[in-house]
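All remarks here apply to the structure that follows.
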Amino acid sequence: MRVAAAQLTCAPTDVRTNIEQMARLAEQAAADSAQLIVFPELAVTGYELAATAADAGLWLRAMTLAWIHCAPPE
């Protein structure tokens, strides 16, 4: 199995930007034959644990955007 480790500069609480960066990195990894890509924890929310705790909907919005962006076409 070929594994890729991703490193990115996250935008604090900017879920859409972070997911778009992660998707680009995943596409690059797939083009290099990676079967698994590993991202840093909290990369989706930009390492803003306090913001995530203060805004319970932030994590839900983050996961919804990730699912929409990464869902395979039907």
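Structural remarks
- Flag if GLN21 is open to solvent by 80 Å² or more (accessible area, probe 1.4 Å), assigned to a helix (DSSP H, G or I) and at pLDDT 90 or above: no
- Hits in segment 39-57 (condition: modelled with pLDDT of 75 or more, closer than 15 Å to CYS10 by Cα and among the hydrophobic types (A, V, I, L, M, F, W, C)): PHE39, LEU42, ALA43, VAL44
- Test: residue in segment 1-8 that is open to solvent by less than 80 Å² (accessible area, probe 1.4 Å), modelled with pLDDT of 90 or more and in contact with an Asp or Glu (Cβ under 8 Å, 6 or more places away or on another chain): yes
- Failed item in (1) on the phi > 0 side of the Ramachandran plot; (2) at pLDDT below 90; (3) open to solvent by less than 90 Å² (accessible area, probe 1.4 Å), with SER33 passing the rest: (2)
- Residue selection: LEU60 fails the criterion of being open to solvent by less than 90 Å² (accessible area, probe 1.4 Å), part of a helix (DSSP H, G or I) and either modelled with pLDDT under 85 or of a type in the set (Lys, Arg) (or both).
The values are calculated or read from the model by the stated rules, or taken from the named source; none is laboratory data. Just so you know, these numbers come straight off a predicted model, no measurement behind them. Quick reminder, even Gly has a Cβ in these numbers, built from the backbone with ideal geometry, and neighbours come from all protein chains shown. Calculation scope for accessible area: heavy atoms of the full protein, side chains included, ligands and nucleic acids excluded. Shrake-Rupley method; radii C 1.70, N 1.55, O 1.52, S 1.80 Å.
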